[in-house]
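Structure record follows, encoded as structure tokens.
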Amino acid sequence: MTDFKTLGLAETVLRAVTAEGYDTPTPIQAKAIPPVLEGRDVVGIAQTGTGKTAAFVLPLLSRLAALGGTAKPKGTRILVLTPTRELAAQIHDAVRVYGKNVRPRSTVVVGGAKPGPQIRACAAGLDILVATPGRLLDHVGSGAIKLTDTAVVVLDEADQMLDLGFMPAVRRILAMTPKTRQTVLFSATMPTQIRALAEDFLADPVEIAVAPASTPIERIKQSVIKVPRAEKRDALAEILSDAAVQRAIVF
Ligand code: AMP
């Protein structure tokens, strides 16, 4: 079994991981960390609960530590795009926890919060910005944030961004970043629009897929009851009246 120590992470990052009590990477971490560390583009098919946040946060923090230097005013070296504020907050928490020794300059830019503090937080330049697409575009439009020096873009839960109608915004944002950037895309599913996005914006990506931690089907007991058509309703009523059936979906 892989150990975090064999993946090539920076020592500062490894110490933070150990402090969290983790020594064994999850499958998505074991597969994604080495290519992200190498600067490769990556497409990861993984759901929430697989440890996908650390799969990109750990190697990117490691690269920051190795690269040194600082971001230009209003710029960000790493941009993480997420569909929701809640996910943005979770990712930023992970950046704080795993980055406690690297101490990157980071912030969150999401809708539903006052723009003023967000603009001030970005003014001096950031190492990592976690953002939702709509609000980020507002700030880029007003000149408060520049993406011209961004070296890495992560698209997290790309299929959710598609479902929420963010695909035009995501494409506009990617087009504003340098062509030489590294792009990492995570999605639970791969609808054609996400495939097309990857084809248009990722260069020779490493593709990684992991099974979800626990698929719903494994938790559902299935059985078949054969009854004559005329008795179907009575059979159903009988099943539903069983005290053991507390919740049910009939379709
Ligand atoms: P995620 O899929 O990124 O939402 O992570 C799901 C949960 O797994 C989070 O609560 C993490 O703290 C936890 N986690 C991440 N990496 C590991 C690991 N290597 N071993 C055990 N738990 C982990």
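Relative to the present Cα-Cα distance, how much length would full extension add between GLU231 and THR180 at 0.36 nm per residue of separation?
Net length gain for the segment: 11.7 nm.
Let me cross-check GLU238: its accessible surface, 1.4 Å probe, with only protein heavy atoms counted, in Å² to the nearest 10?
130 Å²
Can you give the alpha-carbon Rg of the stretch 54-160 over 2.2 N^0.38 Å, where N counts its residues? Intermediate results must be reported in sequence, preceding the final value.
On the way: Rg = 12.6 Å, N = 107, 2.2 N^0.38 = 13.0 Å.
Computed over Cα atoms of the stretch 54-160, the ratio equals 0.97.
Across the Cα atoms of the stretch 63-114, what radius of gyration and what greatest pairwise Cα-Cα distance (Dmax) are found, in Å?
12.0, 35
Using the alpha carbons of the chain, what is the convex hull volume per residue in cubic angstrom, as a whole number?
Working: hull volume 44.3 nm³, N = 251.
Hull volume normalised by residue count: 176 Å³.
With every protein chain kept in place and ligands, DNA and RNA left out, what is the accessible area per residue of the chain? Probe 1.4 Å, answer in Å².
Averaged over the residues of the chain, the accessible area is 55 Å².
Run the 1.4 Å probe and let me know the accessible area of MET190, rounded to the nearest 10 Å².
40 Å²
Report the label-to-label distance for SER223 and ASP149 in nanometres (one decimal), using points 7 Å from each Cα along the Cα→Cβ vector.
It is 6.6 nm.
Among residues other than THR150 whose Cβ falls under 13 Å from its Cβ, what is the net charge (Lys/Arg +1, Asp/Glu -1)?
Around THR150, the charge tally is +4.
Over the stretch 1-123, what per residue volume does the convex hull of the Cα atoms give, in whole Å³?
Normalising the Cα hull of the stretch 1-123 by residue number yields 111 Å³.
A 22 angstrom limit on the alpha carbon distance is what I want to check against. Which of LYS114/LYS146; LYS5/LYS100; LYS74/LYS114; LYS52/LYS74; LYS114/LYS179; LYS100/LYS146 exceed it?
Those over the limit are LYS52/LYS74; LYS114/LYS179; LYS100/LYS146.
Would you mind getting me the FRET efficiency between ARG195 and VAL97? Use the beta-carbon distance for r and R0 = 30 Å, nearest 0.05.
Numbers: r = 33 Å, r/R0 = 1.09.
E(calc), rounded to 0.05, equals 0.35.
Report, to one decimal in Å, the Kirkwood hydrodynamic radius for the stretch 149-251 based on all distinct Cα pairs.
18.0 Å
For ARG172 and ALA203, what does the FRET efficiency come to when R0 = 25 Å and r is the distance between their Cβ atoms, rounded to the nearest 0.05?
It comes out at approximately 0.85.
Could you tell me what fraction of 2.2 N^0.38 Å the Cα radius of gyration of the stretch 29-93 comes to, as a two-decimal ratio?
On the way: Rg = 12.7 Å, N = 65, 2.2 N^0.38 = 10.7 Å.
Ratio of Cα Rg to 2.2 N^0.38 Å: 1.18.
Can you list the residues of the stretch 61-90 with backbone N under 15 Å from a point 7 Å past the Cα of ALA123, pointing along Cα to Cβ?
Zone members listed by number: 73-75.
The values are calculated or read from the model by the stated rules, or taken from the named source; none is laboratory data. Small disclaimer: the values here were computed from a predicted structure and weren't measured. Heads up, the Cβs are rebuilt from the backbone with ideal geometry, glycines too, and the neighbour counts pull from every protein chain shown. Note: areas computed on protein heavy atoms with side chains; ligands, DNA, RNA excluded. Shrake-Rupley method; radii C 1.70, N 1.55, O 1.52, S 1.80 Å.
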